[in-house]
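Just below is one structure, and these are the notes that go with it.
The values are calculated or read from the model by the stated rules, or taken from the named source; none is laboratory data. Keep in mind it's a predicted model, so treat the numbers as computed, not measured. Reconstructed Cβ throughout: ideal geometry from the backbone, glycine too, with neighbour counts over all protein chains shown. To get the accessible areas, we keep the full protein, side chains included, count just its heavy atoms, and leave off ligands, DNA and RNA. Shrake-Rupley method; radii C 1.70, N 1.55, O 1.52, S 1.80 Å.
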Amino acid sequence: MNKELISLEHISKYFDGQMVLDDLNLTIHENEFVTLLGPSGCGKTTTLRIIGGFESPDEGRVIFDGQDITALSPNKRQLNTVFQKYALFTHMDIAENIAFGLKISGKSKNYIQDKIRYALKLVNLEGYEHRMPDSLSGGQQQRIAIARAIVNEPKVLLLDEPLGALDLKLRQDMQYELIRLKNELGITFLYVTHDQEEALTMSDTIVVMNQGYIQQTGSPEKIYNEPENAFVADFIGESNIIDAVMVRDELVQILGAKFACVDRGFGENKPVDAVIRPEDVELTDPSASSLSGEVTHVIFKGVHYEMEVMAGGFEWLVHSTKMFPVGTKVGVAVDPFNIQIMNKPASEDEEAAGIND
């Protein structure tokens, strides 16, 4: 693990008496691509703005490379921000846009020219120096905004939903560009998005947020395969989240049928949530499973079929490369390793905070 670069310590923030961040703690390491992921209003952009110096926390500290920068203005911090709206200067050509921060820093003309060429090459827009921003596509404008940020050689690049205004194909292209830039430049990226696919594609670490709390932090694989609560399971990908009873260690009752699982330590006959991904549901002959039902809906998605199966009074979402026509009687089977058991939160406050003990 690379060295610790940013540490948020007990950060709280209120707007008009409303809590936006509640005792938030987060550590970001050098050369890491960290994504803050969550629905609108969860506090992710506020977290980014506090790191950038555009907002001040009501409580807590921001530590950057061992120094307390909580009260430091944005221009004194070793970071740059790329916004969704690009914020290019429309009266300046591309070279002038990229050079803006360097001129303010008093860099020499030769240094600035070298940096402009270097930045344009990095974002694959060589030869665009004298174009005006309004002559560029959305994707090209976004690349220029990134070029303008990276010429200042920040230790951290903050990106606030920077691809939100692009169409799907451009967005996917830019995702790969950002991964390449991060690897080439060795800059730490802190990225804000509500798009789970974007987060899973680009991140080393994903921080899932909801209602001012961090719900879970981990690698994309861990967040997807081992969600720590029902919110994460539901927000990252699609899930079947079902009321269940933990009969005993490694045995759970789901909709009246008993399934082997690998979870232990929940006690006996305890109400829990069982989380099963659609791709982990196996449809079998009804006689081969303790839970059977009927296919009620089928959609072809290209790489798989998406089916709904009514079984045990619950509508299961199933993804499979094998199609079962509507009306087919099927059994529902799940590998024990693919059943994720979670404690039920005791209250709404616990649910918001992601507490499930």
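Tally up the residues in segment 147-194 that are within 23 Å of Ile104 (Cβ to Cβ) and open to solvent by 30 Å² or more (accessible area, probe 1.4 Å), please.
5
Scan segment 127-146 and tell me whether some residue there is part of a helix (DSSP H, G or I), in contact with a strand residue (DSSP E or B) (Cβ under 7 Å, 6 or more places away or on another chain) and surrounded by 19 or more Cβ atoms within 10 Å (Cβ to Cβ).
Yes: segment 127-146 contains one or more residues that are part of a helix (DSSP H, G or I), in contact with a strand residue (DSSP E or B) (Cβ under 7 Å, 6 or more places away or on another chain) and surrounded by 19 or more Cβ atoms within 10 Å (Cβ to Cβ).
Identify all residues within segment 287-300 that are touching a Gly at 6+ places or on another chain (Cβ under 8 Å), surrounded by fewer than 16 Cβ atoms within 10 Å (Cβ to Cβ) and of a type outside the set (Ser, Thr, Tyr); write none if there are none.
The answer is Ala288, Glu294.
Between a first residue in segment 294-310 that is over 13 Å from Val326 (Cα atoms) and a second residue that is exposed (fewer than 15 other Cβ atoms within 10 Å of the Cβ), which pairs have beta carbons less than 7 Å apart while being 6 or more apart in sequence or on different chains?
Short answer, once both residue conditions are applied: His304/Thr321.
Sort out which residues of segment 252-275 are out of contact with any strand residue (DSSP E or B) (no Cβ under 6 Å at 6 or more places or on another chain) and without any contact (Cβ under 8 Å) to a residue 24 or more places away in the chain, and write them in order of number.
Scanning segment 252-275 gives Arg264, Gly265, Gly267.
Take Thr284 and tell me if it is modelled with pLDDT of 95 or more, open to solvent by less than 70 Å² (accessible area, probe 1.4 Å) and not hydrophobic (A, V, I, L, M, F, W, C).
yes
Identify, please: which residue in segment 34-67 is part of a strand (DSSP E or B) and among the β-branched types (Val, Ile, Thr) and is, among those, surrounded by the fewest Cβ atoms within 10 Å (Cβ to Cβ)?
That would be Ile63.
Testing Lys222 on (1) in contact with a Cys (Cβ under 8 Å, 6 or more places away or on another chain); (2) in a helix (DSSP H, G or I), one condition comes back false. Which one is that?
Here Lys222 meets the rest and fails (1).
Is it the case that segment 199-210 has a residue that's under 23 Å from His319 (Cα atoms) and in contact with a Lys or Arg (Cβ under 7 Å, 6 or more places away or on another chain)?
Within segment 199-210, not a single residue is under 23 Å from His319 (Cα atoms) and in contact with a Lys or Arg (Cβ under 7 Å, 6 or more places away or on another chain).
Yes or no: segment 203-219 includes at least one residue that is modelled with pLDDT under 95, part of a helix (DSSP H, G or I) and under 28 Å from Tyr14 (Cα atoms).
There is no residue in segment 203-219 that is modelled with pLDDT under 95, part of a helix (DSSP H, G or I) and under 28 Å from Tyr14 (Cα atoms).
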